[in-house]
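Nothing in this text is a laboratory measurement; each read-out follows from the coordinates by a stated rule. The structure displayed is predicted, hence computed values, not measured ones. Cβ sites come from the backbone with ideal geometry, for glycine too, and all protein chains shown count toward neighbours.
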Amino acid sequence: MYTILVVDDSPFIVDVFVTMLERGGYRTVAAYGGEECIEILKTVTPDLILLDIMMEPIDGWQTLERIKENPATKEIPVLMLTAKQLTPIEAQEYGIYIEDYVLKPITHRELYDAIEHVLSRRQAIKSDMDMAKQSGFDAEIISEYARLSKSIDVNRRLMKILETTYNFNDSKVRVSDEISRAIKSMEMNIKFQETRLQQIKGEMSGTPSPGTPT
């Protein structure tokens, strides 16, 4: 049974998601704000944190930074669960820290699917890393493989949210230059990461990836 820490400064919202999660078979811990979240993490290590953004006195992004700055908690996966629309700037700045970004309101099934996707991805990457270690691959290459595998998946999911939010595939919708540049930068970064990941996979399998000198 996985333990999920639910963080929101609204007791009503916390209670709603605690009930949803317990119905899904998860064990839950409640934190009514960022400060309480940080305090709870001193004694509890959940399998995943559901973190709201719009909180006071410290918001979700500030709470996220404190979680990731602490060596004892930085590896805990964080899923942002919020009513706040994601911006390209936030996607670029915080994408490396989060596992997913889910918008409220959300159904039971959507919430369970998001959580299971995060936990399954982490397990799959861990299994790949263990196999690579057993095969004697360089630790830095294995670490880069894990980082890229997670980053590409997260950024693809963030891009889908941005596409829905800003409708930038609709020629009738005008998007500001700043937003347009940020989105193009994300797209280029994803392509670069995908190319590098294919190179690493080629090295691990002993098969050169396309464009790799033989």
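At full extension, LYS42 and GLU69 could sit 8.4 nm farther apart than now, given 0.36 nm per residue minus the alpha carbon distance. Computed extension length for LYS133-ILE179: 12.5 nm, one decimal, from 0.36 nm per residue of separation with the Cα-Cα distance subtracted. With R₀ set to 30 Å, the beta-carbon distance separating SER151 from PHE12 gives a calculated FRET efficiency near 0.30. A Förster radius of 22 Å, combined with the Cβ-Cβ distance separating GLU56 from THR107, puts the computed FRET efficiency at roughly 0.20.
Note on TYR2 and GLU187: their simple-model spin labels are 3.2 nm apart, each label 7 Å out from Cα toward Cβ. Extension gain for GLN92-GLU35 works out to 18.0 nm (0.36 nm per residue, less the C-alpha to C-alpha distance).
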